[in-house]
Amino acid sequence: MQPAIIRAERVEKYYSQPSENRIQVISPTDLSIVQGEIIALLGPSGSGKSTLLRMLTGLSTPSAGQVYWHEAPIQSADVNVSIVFQSFALFPWLTVLENIEAPLKARGVDAATRRKRSLKILDTVGLDGFQAAYPKELSGGMRQRVGFARALVVEPEVLFMDEPFSALDVLTAENLRSELLELWHKKTIPTKSIFIVTHNIEEAVLLADRIIVLGRNPGHIRTDFRVNLAHPRDRKAAAFTQLVDYIYKVLTQPEAPAPALPNINGRRVRDQREMKYQMLPHARPGGIAGLLEFLLDHGGKSDIYRLADDLAFEIDDLLPIVEAASILKFLTVTEGDAAITALGTEYANAEILRQKEIFREAAVENVLLLRQIVRALQSKSDHTVPEDFFHDTLDEVFSEEETIRQLETAITWGRYAEIFDFDSTRRRFILPESALAEPESIFADAPEEEEEKDKQETGL
């Protein structure tokens, strides 16, 4: 095996809490970047893709473990990497040529050399004739070309790209992918390795020699495999669609071991922390209902890969809705296929009031946080509880940002299903009068054994 340009050894990222607990973003992870390969990093939102990229580039220091640049600790090494960002990140007051020259100027390169190298790379990426233009005069695709040129002008050994095509329209993105591959395969650029973070599965299979898929809570490698397909790659070829389908299966079954990948040697690193609370996907009830109705129109079952294609959804848009419906037992996911359940069918076909009843019952039954909110409201004499009580509990498990998002999702679900009211001014949960009037409903106290089980799950 070739020596690694960048090697991460047991790197992890976590944030300390006032208690002895830590919020772990990336669990201990090993990863190597070697010469001659394009690596694609995939994963759901919140899996730490950008965090891992920043540690590999030296922009962020791991909480534990070490990143090596040619086997020297990256903090003390003379690192030669560049990053292309999603947002273009150009200086609007500089011309195209001045933007490209900027990193060379920062490195102390003299004016004549800066201009010569910048004009050369400008021509390489198809920007000749635009050197005097300002970013506001360019299309999104042209601005991203400037971003590529600025990253390449320093002749990086490793080029990092953080979702570089996601802000572009479909045709522009496709054109830039093709041009990037052409520059790579013809060795027009001196870069020895490319590391691209993406949420687009087809993009990963089109570009990459090796694909890494992350799981979340905390971020960890679920599968890492080589793509043994010749370029140019045909999206309609059986081998191509097989790989795309495989990645969808990995992403849609976060709790299950990564499925076997035929004919490709992959490996999987298991999640190293058992979460006390399930992570609620950030999906709205309307999106869940719409997904179920769509499934019913397609016979009640669909391959998630084709479902996303039919809906023109990116994976990060569809998966939270699928996961939410699965948590509520409205559908099941097996080997990348989503199938609506009897309860899901009833929910999709019901009138609005009955839909709320079904959602309420499913949510309280299957979501621990919502169940605990109900019990806390019942136990208080005034039937109100401050949001901070649950914030402080969740904050021991999730990051501050994710804690806020979890509470926002719980509030959205609870309000919709009339499980509770929420006073946004006082930030308090309130048990609705209808629940107080229905002691035999789902709002009634659960059996003692269920309550004890919930305490064991949360450690409370």
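Which of (1) in a strand (DSSP E or B); (2) farther than 24 Å from residue 209 by Cα does residue 101 not meet, given it meets every other one?
All conditions pass for residue 101, except number (1).
Looking only at the stretch 162-193, count how many residues are among the aromatic types (Phe, Trp, Tyr) and within 16 Å of residue 85 (Cα to Cα). Don't jump to the end; show me each part of the working.
Filtering the stretch 162-193 for residues among the aromatic types (Phe, Trp, Tyr) gives 165, 184.
After this cut, where a residue has to be within 16 Å of residue 85 (Cα to Cα) as well, the list is 165.
The number of residues fulfilling the criteria is 1.
For the stretch 330-352, which residues satisfy the criterion of being over 23 Å from the mean Cα position of the chain (by Cα) and either assigned to a helix (DSSP H, G or I) or crowded, with 16+ Cβ neighbours inside 10 Å (or both)? Quick ask: steps written out before the conclusion?
Pass one, the stretch 330-352, residues over 23 Å from the mean Cα position of the chain (by Cα): 330, 339-352.
Selection gives 330, 340, 341, 342, 343, 344, 345, 346, 347, 348, 349, 352.
Return the residues of the stretch 394-404 that are surrounded by fewer than 18 Cβ atoms within 10 Å (Cβ to Cβ) and within 23 Å of residue 421 (Cβ to Cβ); say none if nothing qualifies.
Once the filter is applied, which keeps residues that are surrounded by fewer than 18 Cβ atoms within 10 Å (Cβ to Cβ) and within 23 Å of residue 421 (Cβ to Cβ), the stretch 394-404 yields only 404.
Quick one: residue 136 ticks every box in (1) farther than 30 Å from residue 45 by Cα; (2) among the basic types (Lys, Arg); (3) free of Cβ contacts under 8 Å to residues at least 40 places away in the same chain except a single one, so which number is it?
With (1) farther than 30 Å from residue 45 by Cα; (2) among the basic types (Lys, Arg); (3) free of Cβ contacts under 8 Å to residues at least 40 places away in the same chain applied to residue 136, the lone miss is (3).
In the stretch 110-133, which residues are in a helix (DSSP H, G or I), more than 33 Å from the chain's Cα centre (by Cα) and touching a residue at least 24 places away in the same chain (Cβ under 8 Å)? Before you say what the answer is, go through the steps one by one.
Step one: filter the stretch 110-133 for residues in a helix (DSSP H, G or I), giving 111-124.
Checking which are more than 33 Å from the chain's Cα centre (by Cα) leaves us with 111-120, 123.
Result: 117, 118.
Can you pull out the residues in the stretch 118-133 that are among the aliphatic types (A, V, I, L, M) and surrounded by 13 or more Cβ atoms within 10 Å (Cβ to Cβ)?
Our first condition is that a residue be among the aliphatic types (A, V, I, L, M); within the stretch 118-133, this holds for 119, 121-122, 125, 127, 132-133.
Selection gives 119, 121, 122, 125, 127, 133.
Of everything in the stretch 175-216 that's assigned to a loop (DSSP other than H, G, I, E, B) and touching a helix residue (DSSP H, G or I) at 6+ places or on another chain (Cβ under 9 Å), which residue is farthest from residue 397 (Cα to Cα)? Lay out the reasoning, then the answer.
Kept after step one, since they are assigned to a loop (DSSP other than H, G, I, E, B), are these residues of the stretch 175-216: 186-192, 198-200, 208-209, 216.
With the extra rule that they be touching a helix residue (DSSP H, G or I) at 6+ places or on another chain (Cβ under 9 Å), the set shrinks to 188-191, 198-200.
Working: 188: 48, 189: 45, 190: 44, 191: 41, 198: 27, 199: 25, 200: 29 Å.
For the stretch 175-216, the residue satisfying everything is 188.
Check the stretch 92-109 and report whether any residue there is touching a strand residue (DSSP E or B) at 6+ places or on another chain (Cβ under 7 Å) and either surrounded by 18 or more Cβ atoms within 10 Å (Cβ to Cβ) or polar (S, T, N, Q) (or both). Spell out how you get there, then give the answer.
Taking the stretch 92-109 as the starting set, the residues that turn out to be touching a strand residue (DSSP E or B) at 6+ places or on another chain (Cβ under 7 Å) are none.
No, the stretch 92-109 contains no residue that is touching a strand residue (DSSP E or B) at 6+ places or on another chain (Cβ under 7 Å) and either surrounded by 18 or more Cβ atoms within 10 Å (Cβ to Cβ) or polar (S, T, N, Q) (or both).
State which residue is nearest to the chain's Cα centre (by Cα) when the search covers only the stretch 56-79 and only residues that are surrounded by fewer than 16 Cβ atoms within 10 Å (Cβ to Cβ) and not polar (S, T, N, Q).
59
Residue 107: in contact (Cβ under 8 Å) with a residue 12 or more places away in the chain and touching a Phe, Trp or Tyr at 6+ places or on another chain (Cβ under 6 Å), yes or no? It would help to see each step written out before you state the result.
Working: in contact (Cβ under 8 Å) with a residue 12 or more places away in the chain: yes; touching a Phe, Trp or Tyr at 6+ places or on another chain (Cβ under 6 Å): no.
The answer is no for residue 107.
Could you grab me the full set of residues in the stretch 355-386 that are in a loop (DSSP other than H, G, I, E, B) and within 31 Å of the chain's Cα centre (by Cα)?
To start, the set of residues in the stretch 355-386 that are in a loop (DSSP other than H, G, I, E, B) comprises 367, 380-383.
Correct list: 367 only.
Under 6 Å by Cβ, and 6 or more places apart or on different chains, what pairs join a residue from the stretch 148-162 that is more than 16 Å from residue 55 (Cα to Cα) with one that is in a loop (DSSP other than H, G, I, E, B) and modelled with pLDDT of 85 or more?
Pairs that qualify, where the first residue is more than 16 Å from residue 55 (Cα to Cα) and the partner is in a loop (DSSP other than H, G, I, E, B) and modelled with pLDDT of 85 or more, are 156/80; 156/191; 157/80; 157/192.
Which ones in the stretch 65-87 are in contact (Cβ under 8 Å) with a residue 24 or more places away in the chain, in a loop (DSSP other than H, G, I, E, B) and more than 21 Å from residue 197 (Cβ to Cβ)?
Pass one, the stretch 65-87, residues in contact (Cβ under 8 Å) with a residue 24 or more places away in the chain: 65-71, 74, 80-87.
Now drop any that are not in a loop (DSSP other than H, G, I, E, B), which leaves 70-71, 74, 80, 85-87.
Those that are in contact (Cβ under 8 Å) with a residue 24 or more places away in the chain, in a loop (DSSP other than H, G, I, E, B) and more than 21 Å from residue 197 (Cβ to Cβ): 70, 71.
So, residue 249, is that one assigned to a helix (DSSP H, G or I) and not aromatic (Phe, Trp, Tyr) or not?
Values: assigned to a helix (DSSP H, G or I): yes; not aromatic (Phe, Trp, Tyr): yes.
Considered against the rule, which asks whether it is assigned to a helix (DSSP H, G or I) and not aromatic (Phe, Trp, Tyr), residue 249 comes out as yes.
The values are calculated or read from the model by the stated rules, or taken from the named source; none is laboratory data. All values derive from a computational prediction rather than experimental measurement. For neighbour counting, all protein chains shown are included, and Cβ atoms are generated from backbone atoms with ideal geometry for every residue, glycine included.
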